Structures are given as C-alpha cells and as structure tokens.
Amino acid sequence: MIALACVLPLLVGTVLLGGGTELSGRTASRAGLVGALATLVLVVIAWSSHAVVDIPWLPTLGLRIHLGLDGISGPLAVLAAAITAAATLTTWGERPRGGSEATFAGCLLLTLAGAIATFAARDALLFVVAFELVLIPMWVLITRFGDDRDPEARREAGARFVLYTGFGSTLMLLGVLLLVTRAGTADLGALATARGEGLGTGVQVTIAVLLTLGLAVKVPVWPLHSWLPLAHTTAPTAGSMLLAAVLLKMGTYGLVRLPLATVPDGFAQIAPVLAVCGSIGIIWGGLVCLVERDLKRLIAWSSIAHMGFIALALATGSDTGVAAALYANIAHGVISALLFLVVGGLKHQWGDDDLTTPRAALREVAPRTGLLLLVGLAAGLGLPGLAGFWGEFTAIIAALSPAQGRPETLFVACAVVAAVGAALAAGYSLRVARLVWLGEGHNGGEDAPSPELARVDLLAGGLLALAVLVLGVVPGLLLAVTDPALVGVVTR
C-alpha cells in the first residue's frame with residue numbers, strides 16, 4: 001500500500017503530462033481529483049496498517065528503497081494528499097492559464113508523488129531523491145501557469161525558485177553524503193538510534209550546518225526566504241496551496257529527521273543561531289505584513305513569520321518544542337491552504353489583489369467566502385480554539401525552557417520576540433479583515449460586485465475550515481499520534 005501510494009500519483013501524473021492533450025479540461029481535472037483522493041485512501045491504509053517496503057535499490061552501495069510511515073510522517077502524508085485533492089478542485093472554478101488542464105493536473109500529482117515518497121522515505125539518499133522530484137513540477141506550475149499579467153515577474157519567480165532550492169539541495173546532499181559515509185549506513189532509523197555515536201563533535205557540527213542550511217532554504221528561514229513571496233505571488237491558486245502546505249512542510253520535516261535526530265550534539269551547537277534566525281523571521285514577516293499592499297503577497301510573508309515559530313520550536317530541542325513544531329507544521333499547512341484558496345479566488349474575481357483599492361464589504365456581497373477568509377485570518381493570528389493557537393503558543397512556552405545545554409537567556413529573549421511577533425500577527429490579520437471583510441467601498445459601485453467563489457472552491461474551503469476548527473478544539477487527536485513517535489527523535 002505504501003509503495004502504491006507513491007507510485008499511483010506518479011503514474012497518473014505522467015499519463016496526464018504525456019498523453020493528456022486529448023482529454024478535455026474537466027476530464028483532466030476529474031482524473032487529478034480521483035488520483036489525489038485514491039492516494040489519500042492508500043496513505044491512510046498504509047499508515048494505519050504500518051505497511052513497510054524494504055527492497056534493495058543499489059546493492060553495491062548498500063542503498064535500499066525503504067518506505068514507511070509513522071506518527072511524524074503519517075500526518076504530513078495525509079495533509080499532502082488532502083491539500084492536493086483540494087487544489088485540484090480549484091481548477092474547476094478557475095481554469096489554469098498558460099497551458100492545458102491535463103498538464104496542470106499532472107504537475108499537481110507529480111508534486112504529490114514526490115511529497116509522499118519524501119515523507120515515507122526511511123533511507124537518507126532516497127529522501128534526497130524524492131525531495132528533488134517535487135521541484136520540477138512546482139517550477140512548471142510557477143513559470144507556465146503563473147500570473148500571465150507580468151511574464152517577466154513569472155520568469156524571475158521561476159528562476160529564483162530554482163536558484164535558491166537548487167542551492168539548498170546541494171548543501172543538503174553534501175550533508176547527507178558526509179553523514180552516510182561517516183556513519184556507514186543510510187538507514188534513517190539506524191542513524192536516529194545511533195544519535196551520532198562514533199562521530200566527532202567537529203563532524204557532527206559540519207553535518208548539522210550543511211543539513212540545516214540546505215533545509216532552511218526549503219522552509220524557508222530568514223534570511224534565506226526571499227524566493228518565497230515572489231513565488232507565491234506568481235503561482236496559481238493551486239500552486240500556492242501546494243507550495244505552502246506541502247513543499248514547506250517537507251523542509252521542516254527534513255530538519256526533524258536529519259540534523260535533529262541523527263546528529264543531535266552537532267545540531268545543539270547551531271540551535272541558538274537557528275532560534276535567532278527564526279525569531280527575526282517572525283518579526284520581519286510581521287512588519288512587512290503590516291504595510292504590504294498585495295493581499296496574496298501578504299499571506300506569503302505571513303507564512304515566513306509562521307515558519308519562524310517552527311524553527312524556534314525545533315531549536316529548543318525539547319519534547320515540548322518538537323511536539324509544538326510538528327503541530328504547528330500541520331496547522332499552518334491547513335490554514336495557509338485555506339487562505340491561499342480564498343485569496344487566490346478573490347484575486348481571480350477582482351482581477352488584482354491591491355489592498356489600497358476600496359472594495360465592498362465581503363461579508364455583505366459574498367458572505368460565505370467572507371466567512372472562510374475570517375476563519376483563516378483568525379486561525380493565523382493564533383485565536384484560541386483554532387488550529388494556529390496550539391503550535392505557536394506552545395513554541396513560546398518551549399523557548400522559555402529549552403533542552404539542557406542550550407543558552408537559556410538567549411532562548412527566553414527569543415520567546416519574548418516571538419510573543420511580540422504574535423501580536424503583530426493580530427495586527428496584520430485585523431488589517432486585512434477591516435479592508436476586505438468589512439470593506440471600504442460602496443455596494444453599488446464598479447468594484448462592488450464580488451460574487452461568491454465557485455461551489456467546488458467553497459466546498460474545499462469549508463472542509464479546510466472544519467479541519468482548522470477540529471485541530472483547534474481537539475488538539476489531542478494529533479498530539480496522541482505524534483508524541484509516541486518523538487521517542488526516536490528527542491532524548492527523553
């Protein structure tokens with residue numbers, strides 16, 4: 001089942017890319033939706049049945065195709081499949097620009113295949129290969145199907161995406177190769193069990209620096225973040241949903257599986273730097289959001305701020321911190337997908353997303369769309385009872401009491417900075433609510449008609465909003481799954 005969950009979206013996506021020109025747009029979209037939903041079912045079955053694949057890959061090098069899901073990777077695989085299914089629904093109401101629907105749906109499924117393989121990989125080099133599989137279809141989504149009003153910006157976004165992520169991939173590969181050659185195995189389970197035993201402090205620090213830098217580009221962590229706002233602004237709605245809810249989560253998952261679990265002593269040495277960078281990212285992103293004019297770019301900058309909380313939580317190295325990071329990872333995936341779905345749909349309806357343009361109150365002209373936007377904004381600012389609260393609030397708590405050996409004073413200062421960043425999140429979320437949900441225009445002007453999103457978009461958004469509410473009200477559902485898996489990652 002776990003092998004089929006990786007292969008099915010790969011096969012369907014390849015068929016859509018290679019022979020999908022003969023399919024109509026609606027047929028291609030349906031094929032993409034069916035492929036994503038079938039993958040979701042397979043992932044759930046494979047995870048619940050503890051399915052594992054372990055066969056030789058390159059015997060002369062000791063490499064194996066080793067796949068399996070646990071309490072850390074399982075929720076992320078489910079998230080990836082669910083968000084991809086929601087993303088395919090957006091193509092029914094917003095036809096992709098710049099190419100056929102078959103190519104678009106094929107790229108979505110190829111991205112899903114790479115993501116599932118990344119989360120399921122239990123071999124370090126297989127992890128790298130699967131991670132790189134995602135970058136090509138995502139680049140196609142940005143450069144070919146992105147906003148066609150500014151072709152130059154679209155090309156720049158694609159080029160910056162490839163440049164940054166390629167640089168991060170090179171560093172990550174170097175770190176993995178050094179780790180595998182020095183440890184004598186590529187098995188992530190064995191590496192996590194050994195916890196760097198037999199590796200000198202200098203080697204551990206070198207490996208941790210290479211892996212953390214490479215993955216920090218993917219997250220992204222300040223100051224390696226500048227590719228993300230442009231990519232989000234240019235990408236189509238479905239592309240932004242996958243970029244925020246799937247691709248970024250692969251980076252944070254890699255930080256847990258590789259430097260934190262395999263070279264904990266080396267990671268502890270550089271953890272204060274990661275904490276400071278994460279804290280700066282929280283403030284940096286929040287301040288930009290307070291003045292940003294483009295709504296979609298504002299949501300992209302808010303993602304950088306939220307990723308800062310995850311980086312800070314991981315840097316603490318404690319049970320509480322890692323659990324908070326994993327929870328915030330899932331919560332941000334759902335919240336960001338909801339926000340990009342709504343904001344992308346509004347941009348398509350309005351023709352632009354300039355916040356300085358007075359518009360009619362969304363709560364009056366499009367109440368259901370307005371409600372979805374309000375839920376996403378409330379969750380993003382960390383309102384108790386919604387998904388965003390538990391991860392970020394617990395990250396601040398964890399920073400007040402980091403793992404042994406980390407400078408407590410510095411982490412306490414980072415916690416204070418993060419708390420200020422949470423206040424900034426409330427400020428820019430309420431700013432967007434005032435300008436868009438409450439509105440500043442008249443209900444009868446040219447800018448007034450703002451029809452509801454398409455029914456399929458409202459359906460996808462409603463399911464995401466329900467997930468935001470469930471994760472906020474019953475956080476124990478997710479924590480009960482992830483906490484047992486932390487035994488192999490964090491020193492108790």
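When Rg and the Kirkwood radius Rh are both evaluated on Cα atoms of region 84-194, their ratio Rg/Rh stands at 1.09. Restricting the calculation to Cα atoms, region 2-488 shows an Rg/Rh of 0.96 when the hydrodynamic-style radius is the Kirkwood one. The H on the amide N of residue 64, modeled in the peptide plane, is under 5 Å from the matching H of 57, 58, each at least 5 residues off or on a different chain. Translational diffusion of region 155-247 was estimated from the Stokes-Einstein equation, with Rh taken as the Kirkwood radius over Cα pairs; at 37 °C and 0.692 mPa s the coefficient is 224 µm²/s.
Given region 180-331 reduced to its alpha-carbon atoms as identical point scatterers, what log10 I(q)/I(0) does the Debye formula return at q = 0.08, 0.10, 0.11, 0.16 Å⁻¹? For region 180-331 at q = 0.08, 0.10, 0.11, 0.16 Å⁻¹, log10 I(q)/I(0) is -0.23, -0.36, -0.43, -0.83.
Where a number appears in this text, it was derived from the coordinates with a stated rule and is not lab data. Since this is a predicted model, take the numbers as computed values, not measurements.
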